[in-house]
Amino acid sequence: MSDDLATSRRAPASQASAPGPTPSLDEATSRRNAVVIWVLIVSAFVVILNETIMGVALPHLMDDLGITAVAAQWLTTAFLLTMSIVIPVTGFLLQRYRTRPVFLTAMALFTAGTLIAALAPGFEVLLLARVVQASGTAIMLPLLMTTVMQLEPPATRGRRMGSISVVIAVAPAIGPTISGLILSTFSWRFMFVFVLPIAAAVLALGWRLMRDVSETRDAPIDALSVVLSALGFGGIVLGLSQIGEARGEGVPVSTVLAITVGVAALGLFVWRQLVLQRIDDALLDLRTFRARTFSVSIVMFVVMMMSLFGMIILLPIFMQEVLGLSVLQSGLLLLPGGLLMGLCARPVGRAVDRFGPRPLLIPGSAIVAATLWALSLILGTGTPWWALLACHVAMSGGLALMFTPLFAASLGALPPQLYSHGSATVSTVQQVAAAAGTALFVSTMAAVAAGEAAAGVAEAESIAAGIRAAYLISASLATTLVVAAFFIERPIDSPSPEHAAH
């Protein structure tokens, strides 16, 4: 942590304007900033890990609670839905309120939700618990990214963003592994029992160590924007999630209606923000998209999150339903890739500081695309487990080369007054992309598998054919990442490679 303590030297505006700070004061501020950032990183890892931990537990929940598959899927859908509704509001929250109360509110909500889930007597209470958990999770990630952009100097921002990429990419990737390990011995309830003391400890740590490091302003909140945001992002995520749940069995009218209402409300939301941002009162300021690097980065985030969640969802299905592996075995096969992403985070962050984002994004996007093309060709009933492991590790390495540079480049392209809006936009896009990826890949897999089964193909081979088709679409989308990577530029306030090396 000594490097981290030495690099976080940007003080908040109130302190930066103080005349002639002494070296001891500067060192104290640096230590305080480093502690604040690390508390946020640890907290965000805990809450984001919870996002994918439920996937492999759904069959256990169906048996224990006596619910249908559609009802069980709502435990994931409700989580994503709440995230998509709350995250756009965080841009306002981070301008209006200071760091400490926002953090404590977010972590208290998550801890309370985890406690309710651990004690839940039935499905309805468990669903409520997931909504409460998601409310805290939705606040934590934009808070982390905005705080890092405010406190970390441009010369070392990549290193910090490397730590954030562990939260964004590694936590969801290892969620199925952890849940598989727990469910191999305990009931579903223990997924929350094990997380509860960790969440409580992080909340206590934050209560003791978290400090106010942000400047606030009396930002008004536009009620109409909140309603349109909830209808827009919520409707789209709900509709896309229902498509994924249908698994090729037809799209119900309610799903079409949800997506239609969502798209219409999102269009009105955009119009409302364009009007309000003229007087700096927008709930989510869209002037962030005037920066070309930010706009291109958002497109890349969409494709990357779709690819990541496609990998997380489709590979376990293939391992269990085609190769006949257990939940624990499939979870363990995904573990090395998740660990690789974690190990690469800091070295990649240092490389971003020294060389800029483009030299990492180009090879990273090429690796991701090549791996997805390989999966679309090799998957079948005779595919050896080590081939899946190799592909998963390779793709994890490619994603590790991309997440940190994109975080640094996208938010680094914005002026400081738009950091909170930029981080809220990035987080919102990730949730919508995750839902879209799930819907696209799962529905494609199910439709193709149904067609193959109708033609008389064996069940395992038909499922493999469906997953190959889904990865073919994913590979085609990922190929655009290679082209887009050439348009990502080094943030203007970042040091040159020679200066960074010095």
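The values are calculated or read from the model by the stated rules, or taken from the named source; none is laboratory data. These numbers come from a predicted model, not from an experiment. Glycine also receives a Cβ, built like all others from the backbone with ideal geometry; neighbour counts cover every protein chain displayed. Surface accessibility is based on the protein's heavy atoms, side chains included, excluding ligands, DNA and RNA. Shrake-Rupley method; radii C 1.70, N 1.55, O 1.52, S 1.80 Å.
Observations
- Restricting attention to segment 305-355 and to residues that are among the polar types (S, T, N, Q) and touching a Phe, Trp or Tyr at 6+ places or on another chain (Cβ under 9 Å), the residue that is modelled with the lowest pLDDT turns out to be Ser330.
- Hits in segment 291-348 (condition: farther than 16 Å from Ala439 by Cα and among the aromatic types (Phe, Trp, Tyr)): Phe294, Phe301, Phe318
- Selection within segment 382-391: residues that are open to solvent by 10 Å² or more (accessible area, probe 1.4 Å) and part of a helix (DSSP H, G or I). The member of this set that is nearest to Ala370 (Cα to Cα) is Cys391.
- First in segment 392-418 and closer than 22 Å to Arg354 by Cβ and touching a residue at least 24 places away in the same chain (Cβ under 8 Å), second anywhere and open to solvent by less than 10 Å² (accessible area, probe 1.4 Å) and outside any helix (DSSP H, G or I), Cβ under 6 Å, 6 or more apart: Pro405/Pro357; Ala409/Pro357; Ala409/Ile488
- Residue list for segment 447-468, filter: open to solvent by less than 10 Å² (accessible area, probe 1.4 Å) and either farther than 16 Å from Glu321 by Cβ or among the small types (Gly, Ala, Ser) (or both): Ser462, Ala464, Gly466
- Breaking point among (1) in contact with a Ser or Thr (Cβ under 7 Å, 6 or more places away or on another chain); (2) within 16 Å of Glu321 (Cβ to Cβ); (3) open to solvent by 10 Å² or more (accessible area, probe 1.4 Å); (4) not acidic (Asp, Glu), for Tyr471: (3)
- Just one residue in the set Leu109, Leu126, Leu115 is part of a helix (DSSP H, G or I), of a type outside the set (Phe, Trp, Tyr) and either closer than 24 Å to Val226 by Cβ or under 21 Å from the mean Cα position of the chain (by Cα) (or both); that residue is Leu109.
- Exclusive hit being assigned to a helix (DSSP H, G or I), under 24 Å from Ser184 (Cβ atoms) and modelled with pLDDT under 80, set Asp26, Asp63: Asp63
- For segment 80-133, the set of residues classified as open to solvent by 30 Å² or more (accessible area, probe 1.4 Å) and either in contact with a Pro (Cβ under 9 Å, 6 or more places away or on another chain) or not aliphatic (A, V, I, L, M) (or both) consists of Leu93, Arg96, Tyr97, Arg98, Arg100, Pro101, Thr105, Pro121, Phe123, Glu124, listed by residue number.
- Answer residue from segment 230-257, given it is in contact with a Leu (Cβ under 9 Å, 6 or more places away or on another chain) and at pLDDT 85 or above and is most open to solvent (accessible area, probe 1.4 Å) among those: Leu231
- Cross-chain or 6+ apart pairs with Cβ under 9 Å, segment 367-390 first and more than 22 Å from Leu477 (Cα to Cα), then open to solvent by 50 Å² or more (accessible area, probe 1.4 Å) and not in a helix (DSSP H, G or I): Thr381/Ala458
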